[in-house]
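For reference, the structure is listed below as structure tokens.
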Ligand SMILES: [Fe+2]
């Protein structure tokens, strides 16, 4: 029995991110779902003789966060485009942004700068309800550096597969700009939860 099912997304036509790139990217997302299920199933099977299969079990367990978080990151990523682009309205999230970054423009510049981090990974924005602060993070691959506790509210995929059909790697800044042009901030506000 599968634990996880691939979600479908109702995506509008995006500006600066081609349908071809989105189509290929969705296939990669489905791969994370498939291999999350594969690891769960395989570990159950190998656990029937956990002593004999100790090495394989340990390696599968070690890779589980990569597949699982890869699945969850992409679900947030694609859902952020649903409904089409929408600006960030005044309210709780905007207030938190102004408190922590001074202005919306300064905040956006900070997010874009983090997105330009060298390497493969994600620019992440979290909200910590315990402290009332927004936290940014660069997550390596799919899973290394995720913050435990704060809620992930915005996820920008900076793996090259996100833009490989549209921009050369030296122009990934254009992809970052396109991402924010297409972002439906209402989805981010929903996850922020206030
Ligand atoms: Fe991706």
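The values are calculated or read from the model by the stated rules, or taken from the named source; none is laboratory data. Note that the structure is a prediction, hence the values are computed from the model and not measured. Cβ atoms come from the backbone with ideal geometry, glycine included; neighbour counts cover every protein chain shown.
Summary of values
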{"quantity": "From the options 194, 173, residue that is over 26 Å from residue 63 (Cβ atoms), surrounded by fewer than 13 Cβ atoms within 10 Å (Cβ to Cβ), more than 16 Å from the ligand (Cβ to nearest atom) and modelled with pLDDT under 95", "calculated": "194"}
{"quantity": "Any chance residue 84 is farther than 19 Å from residue 143 by Cβ and touching a strand residue (DSSP E or B) at 6+ places or on another chain (Cβ under 9 Å)", "calculated": "yes"}
{"quantity": "Qualifying residue in region 59-71 (condition: farther than 20 Å from residue 6 by Cβ, away from the ligand (no atom under 14 Å from the Cβ), surrounded by 16 or more Cβ atoms within 10 Å (Cβ to Cβ) and without any contact (Cβ under 8 Å) to a residue 60 or more places away in the chain)", "calculated": "yes"}
{"quantity": "Residues of region 144-194 classified as under 17 Å from residue 125 (Cβ atoms) and part of a loop (DSSP other than H, G, I, E, B), total", "calculated": "10"}
{"quantity": "Residue in region 93-108 that is within 25 Å of residue 142 (Cα to Cα), surrounded by 15 or more Cβ atoms within 10 Å (Cβ to Cβ) and in the same structural domain as residue 162 (by TED's automatic domain parsing) present", "calculated": "yes"}
{"quantity": "Conditions (1) over 14 Å from the mean Cα position of the chain (by Cα); (2) free of Cβ contacts under 8 Å to residues at least 60 places away in the same chain; (3) surrounded by 14 or more Cβ atoms within 10 Å (Cβ to Cβ); number of the one not met by residue 133", "calculated": "(3)"}
{"quantity": "Failed item in (1) surrounded by 14 or more Cβ atoms within 10 Å (Cβ to Cβ); (2) more than 16 Å from the ligand (Cβ to nearest atom); (3) over 22 Å from residue 16 (Cβ atoms), with residue 85 passing the rest", "calculated": "(3)"}
{"quantity": "Members of region 141-167 found to be farther than 22 Å from residue 92 by Cα, within 14 Å of the ligand (Cβ to nearest atom) and within 12 Å of the chain's Cα centre (by Cα), listed by number", "calculated": "141, 142, 143, 157, 158, 159, 162"}
{"quantity": "Residues (surrounded by fewer than 16 Cβ atoms within 10 Å (Cβ to Cβ) and in contact with a strand residue (DSSP E or B) (Cβ under 9 Å, 6 or more places away or on another chain)) located in region 114-130", "calculated": "116, 117, 119, 120, 128, 129"}
{"quantity": "Residue count for region 19-46, restricted to those that are surrounded by 13 or more Cβ atoms within 10 Å (Cβ to Cβ) and touching a residue at least 60 places away in the same chain (Cβ under 8 Å)", "calculated": "5"}
{"quantity": "Test result for residue 17, outside any helix (DSSP H, G or I) and either assigned by TED's automatic domain parsing to the domain that holds residue 176 or within 16 Å of the ligand (Cβ to nearest atom) (or both)", "calculated": "yes"}
{"quantity": "Number of positions in region 1-18 that are exposed (fewer than 12 other Cβ atoms within 10 Å of the Cβ) and over 15 Å from residue 184 (Cα atoms)", "calculated": "4"}
